[in-house]
Amino acid sequence: IRRSFSFAPGQFNMLYVPIFGEAAISISSDPGKPEMIGHTVRFVGNVTNAISRLQVGQRISVRGPFGTSWPIDNFKRQDVIISTGGIGLAPLRPVIYHILNHREDYGKVTVLYGARTPEDLLYTKEYKNWEEHGIETMITVDRADENWSGSVGVVPMLFYRLRSDKDNTIVFSCGPEIMMRFVVFECLAH
């Protein structure tokens with residue numbers, strides 16, 4: 001089953017834990033390596049808290065993939081802005097992997113990502129690799145601590161640092177609804 005499994009960026013699986021039920025969780029791994037199916041789970045409900053208590057070797061059921069994928073292949077040769085906040089980076093991470101795996105197919109690529117605090121940032125060890133492959137990565141946090149030397153503010157404010165060609169740029173966004181609303185405003189302003 002694992003060898004025949006494939007998914008597209010943006011799809012999700014239903015993860016089932018006996019007794020507790022199932023939850024829809026975005027696939028956050030590389031679609032170019034479907035033999036490894038990764039999910040990023042925030043522990044907030046009965047099912048996800050049950051997942052947090054699982055030990056290595058314990059089993060869960062997986063159904064999927066489901067959902068409409070991000071239409072990334074429709075935007076070849078265009079510039080791409082990925083604007084996301086918090087756990088919203090998880091469903092967009094496969095888009096980043098797809099671009100990394102097909103970097104020559106896309107123009108300028110920028111990731112605008114933010115979280116509440118530095119500790120809430122996801123995949124921090126990957127940012128350097130993204131940058132090395134020509135993906136500009138701008139990170140911000142709402143509340144900094146004494147160890148944070150980066151940007152402080154909300155994701156939509158990062159648009160002020162961008163120069164983009166409005167006729168050749170696509171924006172992917174996922175995150176808190178209020179953030180996405182202001183991302184739309186910034187896109188329209190640019």
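The values are calculated or read from the model by the stated rules, or taken from the named source; none is laboratory data. Keep in mind it's a predicted model, so treat the numbers as computed, not measured. Note: ideal-geometry Cβ built from the backbone for every residue, glycine included; neighbour counts use all protein chains shown. When the accessible area is computed, the model is the full protein with side chains, heavy atoms only, and any ligands, DNA or RNA have been set aside. Shrake-Rupley method; radii C 1.70, N 1.55, O 1.52, S 1.80 Å.
For this structure, a couple of remarks:
- Tabulated pairs, segment 1-13, first more than 11 Å from V62 (Cβ to Cβ), second open to solvent by less than 60 Å² (accessible area, probe 1.4 Å) and hydroxyl-bearing (S, T, Y), C-beta under 6 angstrom, 6+ apart or interchain: A8/S69; P9/S69; G10/S69; Q11/S69
- Filter result for the condition that a residue is in a strand (DSSP E or B), modelled with pLDDT of 95 or more and over 18 Å from M180 (Cβ atoms), over E136, E126, E104: E136
- Verdict on T117 being open to solvent by less than 50 Å² (accessible area, probe 1.4 Å), among the polar types (S, T, N, Q) and touching a Lys or Arg at 6+ places or on another chain (Cβ under 8 Å): yes
Each row is one residue, and each column tells you yes or no for (1) under 19 Å from the mean Cα position of the chain (by Cα); (2) open to solvent by 30 Å² or more (accessible area, probe 1.4 Å).
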residue	(1), (2)
I37	yes, yes
S52	no, yes
R63	no, yes
S69	yes, yes
R77	no, yes
I82	yes, no
G88	yes, no
P91	yes, no
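- All conditions in (1) more than 18 Å from the chain's Cα centre (by Cα); (2) within 25 Å of I27 (Cβ to Cβ) hold for R143, with the sole exception of (2).
Conditions tested, residue by residue: (1) out of contact with any Gly (no Cβ under 6 Å at 6 or more places or on another chain); (2) more than 20 Å from V154 (Cβ to Cβ).
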| site | (1), (2) |
| --- | --- |
| A50 | yes, yes |
| Q58 | yes, yes |
| V62 | yes, yes |
| F66 | yes, yes |
| G85 | no, no |
| Y127 | yes, no |
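- Only one of the listed residues (L188, L89) is part of a helix (DSSP H, G or I), farther than 21 Å from P9 by Cβ and among the hydrophobic types (A, V, I, L, M, F, W, C). That residue is L188.
- Test for F20: is it free of Cβ contacts under 8 Å to residues at least 24 places away in the same chain and either surrounded by fewer than 16 Cβ atoms within 10 Å (Cβ to Cβ) or over 25 Å from H102 (Cα atoms) (or both): no
- Any chance N101 is of a type in the set (S, T, N, Q), open to solvent by 50 Å² or more (accessible area, probe 1.4 Å) and within 14 Å of T169 (Cα to Cα): no
- Taking each residue of segment 31-48 that is farther than 21 Å from R3 by Cα and looking for partners that are open to solvent by 100 Å² or more (accessible area, probe 1.4 Å) with beta-carbon atoms closer than 7 Å, six or more apart or interchain, yields T48/R42.
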